[in-house]
Every structure is written in C-alpha cells, then in structure tokens.
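The values are calculated or read from the model by the stated rules, or taken from the named source; none is laboratory data. The model shown is predicted, which means the values in this text are computed figures rather than measured ones. So basically every Cβ, Gly included, is an ideal-geometry build from the backbone, and we count neighbours across all protein chains shown.
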Ligand SMILES: Cc1ncc(COP(=O)(O)O)c(C=O)c1O
C-alpha cells in the first residue's frame, strides 16, 4: 500500500484532545491567548487594543525599569546570550554566583540557589528533599508546582483545609514522631491574595519537628522590609527552613530561588533535578535580577506606591459591592461564581478597555470562578479609576453587582 495513503487513513490517536477542547468551548471556558504588542506595562496593547492591564505579576513595574534593562544589555554585550549548559557541567558563570550571594543576603540566610523558574524551584526542591518514606503536610490551595513536587517525591501527601493550622495539627498528631515531615504553605495565595498562616505553622513545625517551607513567589518584592517576603513580614527569620522566591513576578525578569542553610543549598546543587538537568539562565537574566535587588534596596518608595494603589483599588471594588474574597495583597479576586460568567465578565471588561483575566475550574473551585486583578506600582490613579468605572458598568450589566 502507498505509505502516504496509509498515513492519511491512520486514525488520529490524539483526536480525544479535540473532544476535550470542544467541551471547554461548550462550557464557555475555552481560552485564547491574548497577544501583547510591545512592553508589559500598566497600560498596554493586547490584541490590537489599548487597555488598562490588571493581569500581570509585574508588581513594581520592573519589567521595563531602565536599570534592569541596561544591566541585561550590558551583560549580553560582555558575556553573550546564553550560559551554554547546566551549571554542574560547563562551569557556572560568576554572575550566577553573584546573584545567589545577593539573594542570600537579601533573605538573611546563609545561602541561596537559583532555578530556571519558581515552578522549578518548588517542584525540584520538594522532590529532592523528600522520599517515599516521608510525609508532606500541605495547605489545600498551595501552588501547582508544590503539588507536582510532592507527587514527584512519592512522599505521602496530607492536605489540610486552607489556612487551618488546627486541622494541620490534627494531621501531625496522627503521624509517628520518627517520620520525616515537611509542612508547607504559600506565603501569598496566588488566586485569592490572602496570606498563609505562617506564624502558626512555624510554631507547629517546631512542636512536631517538621521541615518548614514557604513559597513566597507573590510575596517577594511586595511584603516585608524592602520586599523580603512574608518571612520578614511576620518576623519569622530563622524559623523557616526552606524559603522559595521567584524572580519572575515583582523582580521583573525570570527565575526562582531557594534560600536557607548552606547544607540545604549544597544538597540541592547535588540532587535538585531542574538544577542538574536544565541549562541555567542567560547572563542577561542574572544581571537584571541583581539590578532588581539594587532597586528594592535603593528605591523602596516603589513598594510604597504599590501599596497605595492596592488600597485605593480594593476600596473602590468593595464600595461597588463586588465579592473580593479575603485578599490581603495586591492580588484582588472579583468572584463571579460560575466559570462562564467569570469569562464573560473578563471579555466585557476587555471590550470596555480593561484586561483582567478570567480564572475558572480547575485553577479555582467550580463555584468560585473569578476575574483576577493585580494592581502595580506603575498604575496611575486615572488608570485605576478608569478600571473601577468599567467594573461598575460591566458588573451591573451582568447582574453581578
Ligand atoms: C504561588 C506561586 N508559586 C510559584 C509560582 C511559579 O513561579 P514562576 O512563574 O517563577 O515559575 C507561581 C507562578 O505562577 C505562583 O503563583
């Protein structure tokens, strides 16, 4: 038989994916990627439309900060565009070492290791530190990268209800004292914007001899002195064994890191699979992140501006009587309920000149679909008022308020 014919006649083994996508379309949950034309800014152009951007994690506007841009360009001129390999194989660049020293000093820990992303830092660390004989005790709303790390480790996973340290205590009480345990929470929960119960969980970790880990992806650059994160915000220095941060959100560039004791970091250099089996950042990324740390230390007024904008916008949404959940951070959900309604709210807002992404199941619970807003330091009052007016108009049209 003609081989081309046999190929054409072959049943598509991936046809079930098209069926899945059709289901999403029928449910109103199908998402097209919006294309950003130009820079990631507070006011930006997506799909040829100029809108107030409430969707990025660019909390401090650092994606386009002149100091970061110049540092990246200078590093590219000096060192080229790529690092060439995994750090354990082709040698590590001095600029990567410098970034780790700077992050450790920033986090007030002995050492730090940088990963390609926050996702890789969480998943790689949990999977490296735990084995199948261990137990992880995890908040039910912890980030997907933590969940994947737990699964990869093959440890037993015990989930406690969101921000419920009493429930975590009950889980811990049932476990043998000799068993190794990791107690883990997000510092700021990415879909709700509320803070983990860090102080209570640190006390539990000490009582039950757990390793204490916090994922401060959305807290870095936002909470604590100069944006050091929730460990600093809650005064928990020295009580959290594993601090994860990201360089991809408030820091404006890309990457993730773990800060902690020297032994932990040396161990991760030897056992964390994303560190061992994936190429390190281009030097421009490391240089931009170092410049971001300089900005946090030398221009902390940017963080003050972020919080002024956050207070203004949250108060505006609440005055309009939207359900904004329990947020305590610049992430403010506008909870619509059903997935299709949240997507419609997002689409109508976009038509009205505001980009705020709709989020539905499985990212959030089925009945808690929402539009997620993130205010940045770079928004002007006029832009935020414009967004509030659009929320008021569209929210009323859709019967949400
Ligand atoms: C809570 C949390 N942890 C980790 C990550 C991963 O960070 P990154 O974007 O640097 O991979 C994210 C980002 O989506 C997050 O929201």
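Things to note:
- Options 365, 387, 369, 377; residue that is within 19 Å of the chain's Cα centre (by Cα) and within 29 Å of residue 65 (Cα to Cα): 377
- All conditions in (1) at pLDDT below 95; (2) crowded, with 24+ Cβ neighbours inside 10 Å hold for residue 336, with the sole exception of (1).
- If you go through the stretch 116-168 and pick out every residue that is without any contact (Cβ under 8 Å) to a residue 60 or more places away in the chain, within 16 Å of the ligand (Cβ to nearest atom), touching a strand residue (DSSP E or B) at 6+ places or on another chain (Cβ under 8 Å) and part of a helix (DSSP H, G or I), you end up with 3.
- Candidates 50, 83, 56 - the one that is part of a loop (DSSP other than H, G, I, E, B) and more than 23 Å from the chain's Cα centre (by Cα): 83
- Scanning the stretch 57-92 for residues that are loosely packed, with under 13 Cβ neighbours inside 10 Å and within 28 Å of residue 310 (Cβ to Cβ) yields a single hit, 66.
- Residue within the stretch 63-74 that is modelled with pLDDT of 95 or more and in a loop (DSSP other than H, G, I, E, B) present: yes
- If you go through the stretch 301-321 and keep only what is surrounded by 24 or more Cβ atoms within 10 Å (Cβ to Cβ) and touching a helix residue (DSSP H, G or I) at 6+ places or on another chain (Cβ under 8 Å), you end up with just 313.
- The number of residues in the stretch 207-248 that are within 11 Å of the ligand (Cβ to nearest atom) and free of Cβ contacts under 8 Å to residues at least 12 places away in the same chain comes to 0.
- Residue within the stretch 93-114 that is farther than 19 Å from residue 272 by Cα, part of a strand (DSSP E or B) and within 16 Å of the ligand (Cβ to nearest atom) present: no
- Tally of residues being under 22 Å from residue 195 (Cα atoms), over 21 Å from the mean Cα position of the chain (by Cα) and not in a loop (DSSP other than H, G, I, E, B) across the stretch 319-336: 1
- Some residue of the stretch 179-193 being more than 16 Å from the ligand (Cβ to nearest atom) and part of a loop (DSSP other than H, G, I, E, B): yes
- When we screen 401, 394, 364 for residues that are out of contact with any helix residue (DSSP H, G or I) (no Cβ under 7 Å at 6 or more places or on another chain) and either more than 30 Å from residue 251 (Cβ to Cβ) or touching a residue at least 12 places away in the same chain (Cβ under 8 Å) (or both), the only hit is 364.
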